[in-house]
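Taking it in order: structure first as structure tokens, then the write-up.
The values are calculated or read from the model by the stated rules, or taken from the named source; none is laboratory data. Please read all numbers here as calculations on a predicted model, not as lab measurements. Positions of Cβ are backbone-derived with ideal geometry, glycine not excepted, and every protein chain shown enters the neighbour counts. Please note that ligands, DNA and RNA were not included when accessible areas were found on the heavy atoms of the full protein model with its side chains. Shrake-Rupley method; radii C 1.70, N 1.55, O 1.52, S 1.80 Å.
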Amino acid sequence: MPTRARNVSSVALRLPQRAEVWLFDCGEGTQHQLQRTPIRISQISRIFITHLHGDHLFGLMGLLATCGLAGQGQEIHLYGPDGLAEYVRVCAQSSPTTLSDTLKIHTVEPGLIHREEDFSVACQPLKHRVPSFGYRVEESDRTGKFDVERAHALGLPPGPLYGRLKNGERVELADGRVVDGRELIGATVAGRSVVYCTDTVYCRGAVALAEGADVLIHEATFAEQDESLAVQSMHSTAKMAARVASEAGARQLFITHFSPRYTPDAHVTPEELLAQARAVFPRTDMARDFMTFEVPRREESPS
Ligand SMILES: [Zn+2]
């Protein structure tokens with residue numbers, strides 16, 4: 001449930017070099033929280049819902065209604081488990097609410113669910129009381145830059161020849177020299193990956209989805225002391241989240257979705273959850289409302 005210190009689930013992913021935002025989950029109040037950030041609702045182009053529990057979903061209708069009112073013909077793709085399309089349809093009919101014609105709803109199945117030139121998205125079932133999916137966004141690798149200065153230095157004439165060299169072809173010049181295009185292309189820039197796993201108890205599906213991820217965002221509803229509650233309600237402890245990050249070889253873990261029972265003056269504090277996760281996976285941080293993080297590239301170190 002929302003508390004004064006922390007709202008329910010939603011994560012916004014800002015895509016580099018685009019004024020586009022992808023949203024993961026849309027708990028109650030997400031729209032209000034967005035208004036307190038630099039993100040504009042009109043930038044949201046895709047919304048991925050993990051499961052149909054209210055703390056991940058109850059902000060969706062309000063947000064979609066605003067998008068419909070804006071009437072900018074903004075295309076929104078909504079993804080989620082079976083039942084999501086029905087939920088949106090029934091809410092919109094009984095309210096009644098006019099949704100944008102450009103809203104497209106996709107019922108997800110495990111595997112690849114979206115692909116475009118620079119990004120792809122895959123999902124995997126998690127282990128929760130209702131069907132729940134984790135999502136992985138993968139940025140495509142970029143081929144290295146063509147070294148124009150070196151091409152000049154080799155006396156290569158600009159023009160169609162450059163195109164062939166950029167494709168990595170071996171080209172024979174008029175003077176008989178052979179130039180290998182691959183030697184003029186810099187190192188490939190590895191794409192980045194972000195994985196979002198909630199709600200779930202520890203499961204192999206989450207480990208598989210988070211394999212080698214740059215950032216894993218994983219729920220940690222309970223502390224180690226309350227592991228039986230975690231198992232019973234099919235949520236994770238902080239330690240389970242850390243175990244997933246460790247087994248997957250992720251680079252950075254953010255834990256989130258804490259039970260409101262953990263407050264600074266309670267028997268277990270939120271900081272204790274963080275300590276429990278760090279004991280297993282040191283590169284763990286605790287998400288807080290409005291926290292932003294730029295996913296570093298491989299050769300950079302995380303900030
Ligand atoms: Zn749930």
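I'd like the full set of residues that are in contact (Cβ under 8 Å) with a residue 40 or more places away in the chain and in a strand (DSSP E or B), limited to segment 223-258.
T256
Working only within segment 177-199, note down all residues that are of a type in the set (A, V, I, L, M, F, W, C), assigned to a strand (DSSP E or B) and in contact with a helix residue (DSSP H, G or I) (Cβ under 9 Å, 6 or more places away or on another chain).
V179, I185, V195, C197
Residue under question is R36, and the condition is that it be surrounded by fewer than 19 Cβ atoms within 10 Å (Cβ to Cβ), among the basic types (K, R) and either in a strand (DSSP E or B) or away from the ligand (no atom under 15 Å from the Cβ) (or both); does it hold? Before you say what the answer is, go through the steps one by one.
Numbers: surrounded by fewer than 19 Cβ atoms within 10 Å (Cβ to Cβ): yes; among the basic types (K, R): yes; either in a strand (DSSP E or B) or away from the ligand (no atom under 15 Å from the Cβ) (or both): yes.
Answer is yes for this residue.
State which residue is nearest to H56 (Cα to Cα) when the search covers only segment 106-143 and only residues that are open to solvent by 80 Å² or more (accessible area, probe 1.4 Å) and more than 16 Å from the ligand (Cβ to nearest atom).
Only one residue tops the list, namely E109.
Yes or no, residue by residue, for (1) among the charged types (D, E, K, R); (2) in contact with a Leu (Cβ under 8 Å, 6 or more places away or on another chain):
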{"position": "E211", "(1), (2)": "yes, no"}
{"position": "E224", "(1), (2)": "yes, no"}
{"position": "S228", "(1), (2)": "no, no"}
{"position": "E247", "(1), (2)": "yes, no"}
{"position": "R283", "(1), (2)": "yes, yes"}
{"position": "E294", "(1), (2)": "yes, no"}
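Every residue, every condition in (1) open to solvent by less than 50 Å² (accessible area, probe 1.4 Å); (2) modelled with pLDDT of 95 or more, yes or no:
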site	(1), (2)
R40	no, no
F48	yes, yes
F58	no, yes
M61	yes, yes
G71	no, no
L84	yes, yes
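What tally of residues in segment 163-207 results from selecting those that are more than 30 Å from V130 (Cα to Cα) and without any contact (Cβ under 8 Å) to a residue 24 or more places away in the chain?
Total satisfying the criteria: 20.
Looking for something under 30 Å from V295 (Cα atoms), in contact with a helix residue (DSSP H, G or I) (Cβ under 7 Å, 6 or more places away or on another chain), β-branched (V, I, T) and assigned to a loop (DSSP other than H, G, I, E, B) - is there at least one such residue anywhere in segment 49-68?
Yes, because at least one residue in segment 49-68 is under 30 Å from V295 (Cα atoms), in contact with a helix residue (DSSP H, G or I) (Cβ under 7 Å, 6 or more places away or on another chain), β-branched (V, I, T) and assigned to a loop (DSSP other than H, G, I, E, B).
Can you name every residue in segment 169-217 that is surrounded by fewer than 12 Cβ atoms within 10 Å (Cβ to Cβ) and either within 16 Å of the ligand (Cβ to nearest atom) or of a type in the set (A, V, I, L, M) (or both)?
A174, V178, A187
Looking only at segment 90-105, decide whether some residue is closer than 19 Å to L23 by Cα, within 22 Å of the chain's Cα centre (by Cα) and surrounded by 15 or more Cβ atoms within 10 Å (Cβ to Cβ).
Yes, because at least one residue in segment 90-105 is closer than 19 Å to L23 by Cα, within 22 Å of the chain's Cα centre (by Cα) and surrounded by 15 or more Cβ atoms within 10 Å (Cβ to Cβ).
Name the residues in segment 19-33 that are open to solvent by 20 Å² or more (accessible area, probe 1.4 Å) and touching a residue at least 12 places away in the same chain (Cβ under 8 Å), would you? Break it down into steps so the answer makes sense when it comes.
Step one: filter segment 19-33 for residues open to solvent by 20 Å² or more (accessible area, probe 1.4 Å), giving 19-20, 28-29, 31-33.
Within segment 19-33, A19, E20, E28, G29, Q31, Q33 meet the criteria.
Evaluate the following for E211: is it outside any strand (DSSP E or B) and more than 22 Å from D55 (Cα to Cα)? First the steps, then the outcome.
On the way: outside any strand (DSSP E or B): yes; more than 22 Å from D55 (Cα to Cα): yes.
Against the criterion (outside any strand (DSSP E or B) and more than 22 Å from D55 (Cα to Cα)), E211 qualifies.
Mind counting the residues in segment 9-34 that are at pLDDT below 95 and either in contact with a helix residue (DSSP H, G or I) (Cβ under 8 Å, 6 or more places away or on another chain) or among the small types (G, A, S) (or both)?
2
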